[in-house]
Amino acid sequence: MTIPSRVKLVDVGPRDGLQNEKQPVPAAIKIELVHRLQDAGLTEIEVTSFVSPKWVPQMADNAEVMAGVQRKAGVRYSVLTPNMQGFEAALQSGPDEIVVFGAASEAFSQKNINCSIAQSIERFRPVAQAALEKGIAVRGAISCAVGCPYEGEIAPERVEMVARLMRDIGVQHVGVADTIGVGTPSKVQKALEATLKIYGVDHVSGHFHDTYGMALANTLASLQMGIWNFDTSVAGLGGCPYAKGATGNVASEDVVYLLHGMGIDTGIDLDKLVDAGKFISDFLQRKPNSRAATALLNKRLG
Ligand code: HMG
Ligand code: MG
């Protein structure tokens, strides 16, 4: 398998990144972040989620954020919808893509969405069907695809099972998620191999949190399998409130630096991406959690 010559990144910063923030982030800041990401050349942005505001208060402004985004042609705006209630609310905002999020771990499924894996699939089924009928793309996330904070290591067969269940309800594309960032290249490759038994390589993404600093290595290991879609988060923001100990997603800036350095096209302007990361980091009063962004910002200072 040759390394892809082009890679598509979905910036999940506004959603995965900000969902875990304790301090309030006004809708206007989230909207500005989305604008900066699209100006930097991102063609897919995970904007928000239509989940229970009791479970994830930071995403309670979902409709306001979606309404405030000035859409750019060629950009796909996605939102998370765990059930029909979320889907119906999301519909008012006109997303291009919805994301149902399941898990390869029973315990995590219970903690995150309050139901078993089997029940989650039954909740996703009408969501996927309704979305497809309306011409909205359907993506799925498979959380804890290599490890779970409650169950430990997850067998690739579990990932294959969830991928099959998702395919059977019409999910068009799945993300293999290392929710707590415990994966190493060979483990991630096994989870991807399991998924590739069910989905073609164009329909599988990597979604790697960077808790143990392995996310870039895992990205490279995925590229070596021909995977060319990745979820990344500007400034390395992120974490799931129901995945204890999980830190942010791999920083978009670091992945773009890696890809461009390998001669792989992303369509992203790294300087503008660094600016977007600095914008949100300044608001959060911290430094971007990205080595490449830090290096580039230091270089600018001369
Ligand atoms: P539940 O309590 O089982 O739901 O929660 P329910 O159907 O029994 O309803 C209970 C209450 O929730 C009712 O309100 C509903 O109206 C409300 P009440 O009558 O008590 O006032 N409700 C909703 N409100 C707004 N939007 C909805 C909705 N559904 C029900 N869609 C539920 C089930 C899934 C809603 C809940 O567990 C939840 O919201 N979980 C969200 C968890 C979450 O967002 N986690 C983070 C995203 S996933 C992630 O980060 C992982 C990912 O990045 C990949 C990776 O890294 O692994 C994608
Ligand atoms: Mg995540």
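No value in this document is a laboratory result; all are computed from the given coordinates. This is a predicted model, so every value here is computed, not measured. Neighbour counts are summed over all protein chains in view; Cβ atoms, including those assigned to glycine, are modelled from backbone coordinates with ideal geometry.
Observations, loosely collected:
- Build a GNM of the chain with springs between Cα atoms under 10 Å apart, and of LEU132, LEU192, LEU33 the one that fluctuates most is LEU132.
- When region 170-249 is reduced to its Cα atoms, the Kirkwood hydrodynamic radius in Å: 12.5 Å
- Here region 152-169 is scanned for amide nitrogen atoms under 18 Å from the site 7 Å beyond the Cα of ALA118 along Cα-to-Cβ, giving 158-169.
- The P(r) of region 54-114 has a tail past 16 Å containing 51 percent of all C-alpha pairs.
- Note on region 64-180: along the principal axes its Cα atoms extend 42, 25, 24 Å, ordered by decreasing extent.
- Close amide H partners of CYS148, meaning residues 5 or more places away or on another chain with modelled amide H under 5 Å apart, are GLU153, ILE154.
- Whole-percent pair-distance distribution, where bins are 10 Å wide, for the alpha carbons of region 1-132: 12, 41, 33, 13, 1
- For the chain, built as a Gaussian network whose Cα springs stay under 10 Å, the top-fluctuating residue of ALA89, ALA177, ALA128: ALA89
- Dmax and Rg, reported as Rg then Dmax, of region 119-160 (C-alpha, Å): 13.6, 39
- Dipole magnitude (debye, nearest 20) for region 192-302, charges at Cβ of Lys, Arg, Asp, Glu: 400 debye
- By the rule of a second cysteine Cβ within less than 4.7 angstrom, the chain holds isolated cysteines at CYS115, CYS240.
- Karplus-derived 3J(HN,Hα), 6.51/-1.76/1.60, for each residue of region 171-185, Hz, glycine and proline x: 5, 8, 8, 10, x, 8, 9, 9, 4, 10, x, 9, x, 10, x
- Computed over the chain, Kirkwood Rh from alpha-carbon pairs, angstrom: 18.7 Å
- Reach of LYS111 by Cα under 21 Å, taken over lysines that are not fewer than 8 positions away in the same chain: LYS22, LYS54, LYS244
- Fluctuation leader among CYS148, CYS240, CYS115 - the chain, Gaussian network, Cα springs under 10 angstrom: CYS115
- Dipole magnitude for the chain: about 240 debye, using +1 per Lys or Arg Cβ and -1 per Asp or Glu Cβ, origin at the Cα centre.
- Each residue, ALA107 and VAL75, gets one label point 7 Å from its Cα in the Cβ direction; the gap between the two is 4.0 nm.
- Between region 9-87 and region 195-273, the alpha-carbon center distance in angstrom: 18 Å
- Helical mean residue ellipticity (222 nm; -39500 (n - 2.57) per DSSP H run of 4+; nearest 500) of the chain: -12500 deg cm²/dmol
- When you filter the trypsin sites (Lys or Arg not before Pro) in region 153-210 for DSSP loop state and at most 14 other Cβ atoms inside 10 Å of their Cβ, you are left with LYS197.
- Between MET262 and ASN298, the FRET efficiency from the beta-carbon distance, with R0 = 30 Å, is close to 0.85.
- Taking amide H as placed 1.01 Å from N in the peptide plane, ARG76 has its amide H under 5 Å from the amide H of GLU44, ILE45, each at least 5 places away in sequence or on another chain.
- The simple Förster model, with R0 at 35 Å and r as the Cβ-Cβ distance, assigns THR2 and TYR212 a FRET efficiency of 0.80.
- Once the Cβ-Cβ distance of LYS197 and ASP282 is raised to the sixth power relative to R0 = 45 Å, the FRET efficiency obtained is 0.50.
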